[in-house]
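Asker: Sharing a structure here in structure tokens format.
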Amino acid sequence: MAGKHSEESGAAEVLFERRGRLGVVTLNRPKAVNALTAGMASAMLEQLTLWADDDAVAAVLVRGAGDRGLCAGGDIVAIYRDMLDGGDATADFWAEEYRLNSLISGYPKPYVAFMDGLVLGGGVGISAHGSVRIVTERTRMGMPETTIGFVPDVGGTLLLSRSPGETGTHAALTGAHLSGADALFLGLADHFVPSDKLAELAGALENEPVDAAVARFAEEAPSSVLAAQQEWIDACYSSGDAEEIVRRLRTVGGEASDVADTIEAKSPTAVKVALASLRRVRGLSLEEALEQEYRVGLRFLAGPDFREGIRAQVVDKDREPHWQPATLAQVSRDDVESYFAPLGDRELMLSKERDNV
């Protein structure tokens, strides 16, 4: 079955095949840890839509090529280049990617995601909205957007808002990499399967019912570090004020003080807008959450920190971003509110599209 081809290399960036009764999606950019491009998102949206109505396909499996991970997120170098040109291509990419996230969330068949190795940002979007989410001892998962002057998207704000207590807030503001056990604790995954059993499980899924196959391979996960930290996390992050959260972390001291340092190194605007996003998203549908994230995302495309964060982390790699404003105290409530203002005729309108299906 054909895949989406890269204009640069001629290699298929995403592969689709049917094995028995299983539709298999393989993200195929291993050198880039399968970072998601606009073409890949469009191809997945098209193929998954076809398979949803194909009686010969009983379930879908999504996995990454190579041994480094499922997906390291969106192609942020492409986003950086597009921002220099005005950002329209990125806005179009997000619109397609968010439609894909919505489709996955409501998929009418078992949607199995192998969340092995790195699963970051957009990689969370194509896996954690699925119905059968499998992590391993190699899983390193996270929404690290505040590090590059952005905020969690692809429905990540909604997912993290549903995590136990304030642990999702902690994950969003710090951008911390999470183990498979932490992902299970946060509600971002369902089963733990050792990585050396994934190939065998994939074979079983070709002809066996998904639940029975997964049950044969799933094992008890190691303990979650995040779960052990929940008491001080809940106490510190219960505030809706980022500066107060940092103050509380410093008061607790020890590892919490180190977390305060981590948050203060992120984009102050991104930290405050991420916190507000998590508070606002509670009770929304995924489509409404994606619409909110789209509003926020387009505002970040137009601002200075997203571009500066990618430059510092990925382009020049000096790891010394110059944030504007430079401190949490300099980001006003009005500044934060402006990120959530309606987009007019640029609104995503996903919830209306879903209602009309």
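Asker: What are the residues in segment 35-84 that are touching a strand residue (DSSP E or B) at 6+ places or on another chain (Cβ under 8 Å), of a type in the set (A, V, I, L, M, F, W, C) and open to solvent by 30 Å² or more (accessible area, probe 1.4 Å), if any? Spell out the reasoning first.
Answerer: From segment 35-84, those touching a strand residue (DSSP E or B) at 6+ places or on another chain (Cβ under 8 Å) are 35-37, 39-40, 42-44, 47-48, 51, 54, 56-65, 67-75; that's our starting set.
Going one step further and asking which of them are of a type in the set (A, V, I, L, M, F, W, C), we end up with 35-36, 40, 43-44, 48, 51, 56-62, 65, 70-72.
A56, A58, A72 - these are the residues of segment 35-84 that are touching a strand residue (DSSP E or B) at 6+ places or on another chain (Cβ under 8 Å), of a type in the set (A, V, I, L, M, F, W, C) and open to solvent by 30 Å² or more (accessible area, probe 1.4 Å).
Asker: Kindly establish whether G344 is surrounded by 15 or more Cβ atoms within 10 Å (Cβ to Cβ) and more than 25 Å from Q230 (Cα to Cα).
Answerer: no
Every residue, every condition in (1) out of contact with any helix residue (DSSP H, G or I) (no Cβ under 8 Å at 6 or more places or on another chain); (2) under 21 Å from V24 (Cβ atoms); (3) aromatic (F, W, Y), yes or no:
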residue: R68; (1), (2), (3): no, yes, no
residue: D75; (1), (2), (3): no, no, no
residue: G106; (1), (2), (3): no, yes, no
residue: G123; (1), (2), (3): yes, yes, no
residue: G130; (1), (2), (3): no, yes, no
residue: T136; (1), (2), (3): no, yes, no
residue: D153; (1), (2), (3): no, no, no
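Asker: Residue check, K109 against (1) over 28 Å from E219 (Cβ atoms); (2) part of a loop (DSSP other than H, G, I, E, B); (3) of a type outside the set (G, A, S), all met but one. Which one?
Answerer: (1)
Asker: Okay, next question. H177 - would you say it is within 14 Å of the chain's Cα centre (by Cα) and more than 12 Å from A274 (Cα to Cα)? If you could, list the steps in order and put the result at the bottom.
Answerer: Details: within 14 Å of the chain's Cα centre (by Cα): yes; more than 12 Å from A274 (Cα to Cα): yes.
Here the answer is yes, as H177 does meet what is asked.
Asker: Taking the conditions exactly as written (under 21 Å from E291 (Cα atoms) and assigned to a loop (DSSP other than H, G, I, E, B)), does Y98 satisfy them or not? First the steps, then the outcome.
Answerer: Details: under 21 Å from E291 (Cα atoms): yes; assigned to a loop (DSSP other than H, G, I, E, B): no.
So Y98 does not fit the description; no.
Asker: Can I ask one more? Please verify whether segment 101-113 includes one or more residues that are of a type outside the set (A, V, I, L, M) and more than 27 Å from R21 (Cα to Cα).
Answerer: Within segment 101-113, the subset of a type outside the set (A, V, I, L, M) is 101-102, 105-111.
Checking the rest, the ones that are also more than 27 Å from R21 (Cα to Cα) come to none.
No, there is no match, as no residue in segment 101-113 is of a type outside the set (A, V, I, L, M) and more than 27 Å from R21 (Cα to Cα).
Asker: Here's something else I'd like to know. Go through (1) of a type outside the set (D, E); (2) closer than 23 Å to P152 by Cα; (3) assigned to a strand (DSSP E or B) one by one and return the number of the condition R81 breaks.
Answerer: (3)
Asker: State the number of residues belonging to segment 58-78 that are in contact (Cβ under 8 Å) with a residue 60 or more places away in the chain and in a helix (DSSP H, G or I).
Answerer: Summing the residues that are in contact (Cβ under 8 Å) with a residue 60 or more places away in the chain and in a helix (DSSP H, G or I) in segment 58-78 gives 2.
Asker: How many residues does segment 196-248 hold that are surrounded by 16 or more Cβ atoms within 10 Å (Cβ to Cβ), within 30 Å of S332 (Cα to Cα) and among the hydroxyl-bearing types (S, T, Y)?
Answerer: 2
Asker: For segment 268-285, how many residues meet the condition of being open to solvent by 20 Å² or more (accessible area, probe 1.4 Å) and small (G, A, S)? Let's see the steps before the verdict.
Answerer: Let us first name the residues in segment 268-285 that are open to solvent by 20 Å² or more (accessible area, probe 1.4 Å), namely 272, 276, 279-280, 282-285.
So of that shortlist, the ones also small (G, A, S) come out as 276, 283, 285.
The number of residues fulfilling the criteria is 3.
Asker: Also, quick follow-up: When segment 295-325 is examined, which residues are found to be open to solvent by less than 80 Å² (accessible area, probe 1.4 Å) and over 29 Å from P342 (Cβ atoms)? Step through it out loud before you land on a result.
Answerer: Residues of segment 295-325 open to solvent by less than 80 Å² (accessible area, probe 1.4 Å): 295-301, 303-306, 308-315, 318, 321, 323, 325.
Hits for segment 295-325 are R311, A312, Q313, V314, V315, D318, P321.
Asker: If you don't mind, another one. Residues in segment 92-104: is at least one more than 20 Å from F300 (Cβ to Cβ), of a type in the set (S, T, Y) and either in contact with a strand residue (DSSP E or B) (Cβ under 7 Å, 6 or more places away or on another chain) or open to solvent by 20 Å² or more (accessible area, probe 1.4 Å) (or both)?
Answerer: No; the residues of segment 92-104 include none that is more than 20 Å from F300 (Cβ to Cβ), of a type in the set (S, T, Y) and either in contact with a strand residue (DSSP E or B) (Cβ under 7 Å, 6 or more places away or on another chain) or open to solvent by 20 Å² or more (accessible area, probe 1.4 Å) (or both).
Asker: I'm checking my understanding of the structure. Among residues of segment 157-168 that are within 14 Å of the chain's Cα centre (by Cα) and in contact (Cβ under 8 Å) with a residue 40 or more places away in the chain, which one is surrounded by the fewest Cβ atoms within 10 Å (Cβ to Cβ)? Let's see the steps before the verdict.
Answerer: First pass over segment 157-168, keeping only residues within 14 Å of the chain's Cα centre (by Cα): 157-161, 168.
After this cut, where a residue has to be in contact (Cβ under 8 Å) with a residue 40 or more places away in the chain as well, the list is 157-158, 160-161, 168.
Numbers: T157: 27, L158: 27, L160: 27, S161: 20, G168: 26.
Within segment 157-168, the match that is surrounded by the fewest Cβ atoms within 10 Å (Cβ to Cβ) is S161.
The values are calculated or read from the model by the stated rules, or taken from the named source; none is laboratory data. Just so you know, these numbers come straight off a predicted model, no measurement behind them. Heads up, the Cβs are rebuilt from the backbone with ideal geometry, glycines too, and the neighbour counts pull from every protein chain shown. Keep in mind that these areas ignore ligands, DNA and RNA; they rest on the heavy atoms of the full protein, side chains included. Shrake-Rupley method; radii C 1.70, N 1.55, O 1.52, S 1.80 Å.
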